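The values are calculated or read from the model by the stated rules, or taken from the named source; none is laboratory data. What you see is a predicted model; the values in this text were computed from it and never measured. Cβ: placed from backbone, ideal geometry, glycine included. Neighbour counts: every protein chain shown. Heavy atoms of the whole protein, side chains included, go into the accessibility calculation; ligands, DNA and RNA do not. Shrake-Rupley method; radii C 1.70, N 1.55, O 1.52, S 1.80 Å.
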Amino acid sequence: MKMKKWIPILAGVGLAPVAAAGVKTLLEKKKTSEYTPVGDEERAMKYARKLSEMIRCETVSYPGKEQREKFLAFHKVLEGLFPLLHKTLEKTEIDGNLIYYWKGKKSDRPVVLMSHQDVVPAEGKWEHEPFAGDIADGKIWGRGAGDIKCGVMAFMQAVEELIEEGYTPEEDVYLVSSATEEIGGDGGPKLVKEFERRGVRPWLLCDEGGGIISEPIGGIKGSFAMIGVVEKGIANVKFIARSDGGHASSPPRKSPITRRAAFAHEIEQHGPFHRKLMPAAADMFKTLSGYADFGMRFFLGNLGLFGPLFKLAAPVISPEAAAMMRTTIAFTMQSGSEASNVLPEEASVSANLRFIPHQGMEESLALLRKIAAKYDLEMEVLSASDYCPPVDTEGSGWKHVTSAIEKTFPGLAWSPYVMTGATDARFYTDLCENCIRFAPVVYGREQMKGMHGLNENIEVSCLPGAVDYYKTIITTNYGAC
């Protein structure tokens, strides 16, 4: 970033407020997040073997394909791994999607524990075969290990153990798992319709999303429970340039591919979406700043002063930090002529969008449509849903989750987190005010890199904590929150 761009911002802040912020930061003691999984090798290996068996049952979901039989086979695996659960709970299967109902003493505050069954394809060369479920080097390897069969294993094992102990939940508990999350399919909506049919309005829903993340921002050391409180919207859009086609020996000006490329270049270089630091993101950066060294603590801990500067610096800090402040667009697919000497009658480029609350679906799509028209492109919205409302971080559901984290993971710091990806929780926001996205497993850099990539794995040592977290969620007195 050129220095001349910083000068007016720094001048606008003023020396006196900056000095006061510096003194305040100096007086604040740097915090530490010291959590490490407690060693319980016998339990950890027991859970690892169950997760390994789940990974070995391949459950890749593909758009437009009928796959119910594949997931019914996976359900048979679950029956073998969690026999008490399947004997005690009422099971409902809808086109491969699952709801298990555990009747409680009351139905005032139903709790939904949720993770999806399906996984993404496993391509490329892996160190361990993606559907072998190898346990090696202290890790379980394979597609779905971290995203997110570990979650399905953990809450099912939690219920299995509670049943074995003779426990009956105070409130109704539902275990929910769709078979289409990875393809944005209709599994989630079908399950929501079933809840609506039953007249069930969950008090708390716990889905994947955040997790126990090692070094969530560069320079902030330790592990942190990053709890998803707001989820961006999502859309898939196609932009189409048309022409009469023809022979490539007589090319016209402004051919379809040229127009398509010019449009994509403008969007990439002069994006129409403006940056704004939403409250949830500001809370996250402020919380994490307390664990940073002085420079970052001074900057992130005083965003009331440095907000304009932060909006400029965020893309340099990380793409994810930038994505937390604006609607994003990523061009992902393109098509043109099928022969190198033929001008295409149609050339298209497709994009994935993620909508931010301050510039949501309607405004973002309208901006793109206007720019596309400038290049004589048609815009086709293939699918779209707007952002989800934020969770109340002063509410009882939030307090219940953070209390469970504190009890289960001693010494672990927690923070609100802005979800830049999509989860099935977005389908439930009209039914449930407390849709919280948090997977109680440890994701280091290696695990984050492997998610949807090569060599996906999860640490064996973190599995007992994940099971205990769900047991705490179920057994803690809701009225105390």
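Descriptive notes on the structure:
- The range 329-344, residues that are under 10 Å from ILE257 (Cα atoms) and either in a loop (DSSP other than H, G, I, E, B) or of a type in the set (Asp, Glu) (or both): GLY336, SER337, PRO344
- Residue match in the range 458-469 (condition: part of a helix (DSSP H, G or I), within 16 Å of the chain's Cα centre (by Cα) and crowded, with 19+ Cβ neighbours inside 10 Å): no
- GLY295 vs. criteria within 28 Å of LYS29 (Cβ to Cβ) and open to solvent by less than 20 Å² (accessible area, probe 1.4 Å): no
- Checked against (1) assigned to a loop (DSSP other than H, G, I, E, B); (2) over 30 Å from GLU362 (Cβ atoms), PHE224 passes all but a single condition, namely (1).
- Test: residue in the range 93-104 that is in a loop (DSSP other than H, G, I, E, B) and farther than 24 Å from TYR428 by Cα: no
- Residues that are assigned to a helix (DSSP H, G or I), free of Cβ contacts under 8 Å to residues at least 60 places away in the same chain and not polar (S, T, N, Q) within the range 241-267 comprise ALA261, HIS265, listed in sequence order.
- Qualifying residue in the range 228-240 (condition: closer than 22 Å to PRO357 by Cβ, open to solvent by less than 50 Å² (accessible area, probe 1.4 Å), in contact with a Cys (Cβ under 6 Å, 6 or more places away or on another chain) and of a type in the set (D, E, K, R)): yes
- Residue within the range 209-217 that is on the phi < 0 side of the Ramachandran plot, modelled with pLDDT under 90 and open to solvent by 50 Å² or more (accessible area, probe 1.4 Å) present: no
Quick grid of which residues meet (1) surrounded by fewer than 14 Cβ atoms within 10 Å (Cβ to Cβ); (2) closer than 21 Å to LYS139 by Cα; (3) of a type in the set (Gly, Ala, Ser):
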site	(1), (2), (3)
LYS29	yes, no, no
GLU34	yes, no, no
LEU51	no, yes, no
GLY64	yes, no, yes
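- Considering the range 180-206, the residues that are within 28 Å of GLY64 (Cβ to Cβ) and assigned to a loop (DSSP other than H, G, I, E, B) include one that is most open to solvent (accessible area, probe 1.4 Å), namely ASP186.
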